[in-house]
Amino acid sequence: MDRFGGIKVTWFGHSAFKIESPSGKVVLIDPWLSHPKAPAGALDSLQKVDLILVTHGHGDHIGDTVAIARRFNPLVAAIYEVANYLQRKGVSNVLGMNIGGTFDFHGIKVTMVEATHSSTIIDGGREIPGGNPAGFIVKFENGFTVYHMGDTGLFGGLQLIGEFYKPDLVLIPIGSLFTLGPENAAYAVGLLKPKWIIPMHYETFPALTGKPEEFKKALAPEYKDRLIVIAPGETVS
Ligand code: NI
Ligand code: MN
């Protein structure tokens with residue numbers, strides 16, 4: 001099946017994705033590949049990484065960024081404060097940016113957008129301010145546009161994001177407690193109007209109670225067939 005115009009999307013569980021672009025660039029978003037529900041050997045399975053996007057400073061999103069960056073030396077983009085932190089941790093190829101900004105990575109256009117959440121970095125028991133949390137709009141070489149929402153609740157700007165960026169695929173948290181849960185996530189889909197929807201940030205821990213079945217039930221009828229529920233380690237295209 002080719003729903004994404006030649007783009008391959010692998011979910012590693014939680015908010016961690018690998019997206020392979022039509023020209024073969026490998027993009028990781030929030031690469032925490034060592035969590036309780038991650039597929040065995042996920043970190044070792046990586047063959048190449050060109051770009052890493054980190055939505056905010058929480059440990060479940062910075063994840064294994066430092067180790068992966070040491071191995072592949074990709075460009076690592078994050079909000080300014082998180083980028084500075086990663087640089088202090090030895091990531092050499094960082095790009096600090098902020099909400100509303102766009103950069104071009106070999107024809108892939110990456111825009112940082114708002115998320116309603118928090119972003120403290122915990123490092124060895126110390127709390128370091130991580131700037132604001134964010135989401136990413138990634139417009140690939142073929143125009144296919146992916147919106148990774150990061151960790152967020154509902155906010156009115158989702159309607160603007162839907163109108164302006166017209167995401168084809170939305171990666172949306174549904175686990176509740178720290179983010180959207182099934183019902184408000186379903187409402188967010190109505191604001192964003194995507195062609196495809198992949199849920200994330202659920203079932204990693206018992207505290208994340210939102211389930212894809214509840215999400216599907218809450219979705220408006222026209223979106224139920226656009227929902228793609230995948231298992232950690234699975235690739236869809
Ligand atoms: Ni978070
Ligand atoms: Mn999180």
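Quick notes on this one:
- Neighbour-count ranking [beta-carbon atoms within 10 angstrom, fewest first] of Arg71, Arg88, Arg126, Arg226: Arg126, Arg88, Arg71, Arg226
- Excluding same-chain neighbours fewer than eight residues apart, the lysines reachable from Lys89 by a Cα-Cα span under 30 Å are Lys18, Lys25, Lys37, Lys48, Lys109, Lys139.
- Fully extended contour minus Cα-Cα distance, from Thr102 to Val236, at 0.36 nm per residue: 45.6 nm
- Between Lys166 and Asn73, the FRET efficiency estimated from the beta carbon spacing at R0 = 30 angstrom works out to 0.35.
We did not get these values from a lab; they are worked out from the coordinates using the rules stated. The shown structure was predicted, so the numbers you read here are calculated from the model rather than taken from an experiment. Using ideal geometry, Cβ is built from the backbone for each residue, glycine included, and neighbour counts are taken over all protein chains shown.
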